Amino acid sequence: MKQSTLAIHGCMPERGDTPYTPSAPALEMAASFHYRRAADMTAVANGEMEGFVYQRYGNPTAAALQRQVAALEGGDSALACSSGMAALHIALLTALRDRPASILTAEVLFGETFQLLQLMEQQEVMTRYADPCDIEAFEAALAQSDTGCILVETASNPLVRVTPLDSICTMAKRHGVPVVVDATFTTPVLSRPFDVGADILMHSATKYLAGHADVLGGVTVCRAAHADWMQELGRHLGPNLGPFHSFLTMRGIKTLPIRMEEHSRNALHVAQVLEAHPRVEVVHYPGLDSHPDKAVAGRLFSRGPDGDTLYGGMVSFEIRDADKAAVFRFANALRLVIRATSLGDVHSLMTHPATTTHKNIGEKRRAQLGIGDNLVRISVGIEDPEDIAADLVQALEQM
Ligand SMILES: *Cc1c(COP(=O)(O)O)cnc(C)c1O
């Protein structure tokens, strides 16, 4: 079945013994479940019988979300977590079981991911950095020393570099190293990491999956070989997503495929308008001919109903000769696009990476990575594309 079908039917309740079945999953708030027969409860707790005992061990609403995301990703097991960071932590701990305590990852990562990796260094899990878009350099780093797992993002933040995930996974297989993927930017609508050989993936469900700025959540998905350990970590560490947020996330995911088509169409329009504007120095969007990864995205990303590749909703651009004060003037002149952190919502929003998401990495390193003070990141929403572009243009002309 196709993604648009799975998004809707992946969480449909199964038919029970009653003549009727609800058409939407139940919001089951109970923290614990009691049994008529004590032996049944023990059997469920021991994993010998299907059922629920206690919310940290699983909940029917979260279970429905997990089914839905696993179906969309073509994965074997999913764990809904209380944030994207919790999902990423679980993903890394799952991958590192019985492996050397070291992670090879990209030089440009979501800001908080750096912080998590630094915390893990205190527990002797060492991190090395290389550029996954430079396959030879990445393989050289991989060959250099024992690597426990590889961590890559499907597309980077904020320059939207597209990771050649197929090549990375082929290389990783050759070295026997599991690959963990942060698929937040692309969602299962644009790409399915398991199809090209990834082992474990995660999403910040806060972003596109839930999509309406009302959920903090994450989901980790893995292949069968890692499923037992991932679920066991979930039970012991307690990162679980509560029923209400699971419910909202499922509701969001039903429209994820059509939202991603709109985000992609709108973002391409916005990127083209910005690229033509004299105050804009460069636009970073993989749908533009000027982007270094257009071909990689064309190879890896899905196509929409009209046959065009979907490049996603994230666009960043550099304002010509703008310092921080000028970028703030631009930001303050916006009337429709809101100034906020987060991304992937139905509404358009802008962030200034140098002072928010990437402020912790230091000015010099930021400049090396191409994240200057004049860089603006836009998460393009699903409002009318002309309205979004017009707002950005009027703010550029007022700043
Ligand atoms: C937001 C985000 C995260 C963290 O997710 P939270 O839900 O905020 O914990 C991780 N990776 C990427 C790429 C993100 O955008």
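The values are calculated or read from the model by the stated rules, or taken from the named source; none is laboratory data. What you see is a predicted model; the values in this text were computed from it and never measured. In this analysis, Cβ positions are derived from the backbone assuming ideal geometry, glycine residues included, and neighbour counts consider all displayed protein chains.
Counting the residues of region 264-309 that are assigned to a loop (DSSP other than H, G, I, E, B) and either without any contact (Cβ under 8 Å) to a residue 60 or more places away in the chain or of a type in the set (D, E, K, R) (or both) gives 13. Of all residues in region 151-173, those satisfying the criterion of being closer than 24 Å to ALA227 by Cβ and away from the ligand (no atom under 16 Å from the Cβ) are ASP166, ILE168, CYS169, THR170, ALA172, LYS173.
Would you mention how many residues in region 331-349 are buried (at least 22 other Cβ atoms within 10 Å of the Cβ) and more than 19 Å from ALA205 (Cα to Cα)? Before the answer, list the steps.
Taking region 331-349 and keeping what is buried (at least 22 other Cβ atoms within 10 Å of the Cβ), we get 337, 343-345, 348.
Keeping just the survivors that are more than 19 Å from ALA205 (Cα to Cα) gives 337.
Residues flagged as buried (at least 22 other Cβ atoms within 10 Å of the Cβ) and more than 19 Å from ALA205 (Cα to Cα) within region 331-349 amount to 1.
Taken over region 125-156, the residue count meeting the criterion of being closer than 22 Å to ALA183 by Cα and among the acidic types (Asp, Glu) is 4. Does at least one position in region 162-180 carry a residue that is within 22 Å of LYS207 (Cα to Cα) and hydroxyl-bearing (Ser, Thr, Tyr)? Checked region 162-180: at least one residue is within 22 Å of LYS207 (Cα to Cα) and hydroxyl-bearing (Ser, Thr, Tyr).
Within region 214-247, being among the hydrophobic types (A, V, I, L, M, F, W, C), touching a residue at least 40 places away in the same chain (Cβ under 8 Å) and within 12 Å of the ligand (Cβ to nearest atom) holds for LEU216, VAL219, LEU241. For region 36-94, filtered to residues that are under 21 Å from ASP195 (Cα atoms), among the small types (Gly, Ala, Ser) and assigned to a helix (DSSP H, G or I), the residue that is nearest to the ligand (Cβ to nearest atom) is ALA87. Among the criteria (1) more than 19 Å from ALA63 (Cβ to Cβ); (2) away from the ligand (no atom under 15 Å from the Cβ), the one SER204 does not fulfil is (2).
Among the residues of region 116-132, are any over 30 Å from GLY10 (Cα atoms) and within 11 Å of the ligand (Cβ to nearest atom)?
yes
Is it true that GLY312 is among the small types (Gly, Ala, Ser), in a loop (DSSP other than H, G, I, E, B), loosely packed, with under 14 Cβ neighbours inside 10 Å and out of contact with any Gly (no Cβ under 7 Å at 6 or more places or on another chain)? Considered against the rule, which asks whether it is among the small types (Gly, Ala, Ser), in a loop (DSSP other than H, G, I, E, B), loosely packed, with under 14 Cβ neighbours inside 10 Å and out of contact with any Gly (no Cβ under 7 Å at 6 or more places or on another chain), GLY312 comes out as no.
Could you say whether any residue in region 158-166 is among the aliphatic types (A, V, I, L, M), free of Cβ contacts under 8 Å to residues at least 40 places away in the same chain and under 28 Å from ILE361 (Cα atoms)? Break it down stepwise before answering.
Looking only at region 158-166, we keep the residues that are among the aliphatic types (A, V, I, L, M), and these are 159-160, 162, 165.
If we keep only those that are free of Cβ contacts under 8 Å to residues at least 40 places away in the same chain as well, we get none.
No: zero hits.
Are any residues in region 360-385 in contact (Cβ under 8 Å) with a residue 12 or more places away in the chain and exposed (fewer than 14 other Cβ atoms within 10 Å of the Cβ), and if so, which ones? Within region 360-385, just ASN360 meets the criteria. Considering region 187-201, and only residues there that are of a type in the set (Val, Ile, Thr) and more than 13 Å from the ligand (Cβ to nearest atom), the residue that is farthest from CYS169 (Cα to Cα) turns out to be VAL189.
The single condition among (1) over 22 Å from HIS245 (Cβ atoms); (2) among the charged types (D, E, K, R); (3) surrounded by 13 or more Cβ atoms within 10 Å (Cβ to Cβ); (4) away from the ligand (no atom under 16 Å from the Cβ) that ASP17 does not meet is (3).
Filtered by the rule that a residue be at pLDDT 95 or above, among the charged types (D, E, K, R) and farther than 21 Å from HIS89 by Cβ, region 132-180 gives ASP134, GLU136, GLU139, ARG161, ASP166, LYS173, ARG174.
Residues are listed down the side, and each one gets a yes or a no for (1) part of a loop (DSSP other than H, G, I, E, B); (2) modelled with pLDDT under 95:
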site	(1), (2)
GLU318	no, no
LEU336	yes, no
MET350	no, no
ALA354	no, yes
ASN360	no, yes
ILE371	yes, yes
VAL376	no, no
ILE382	yes, no
LEU396	no, no
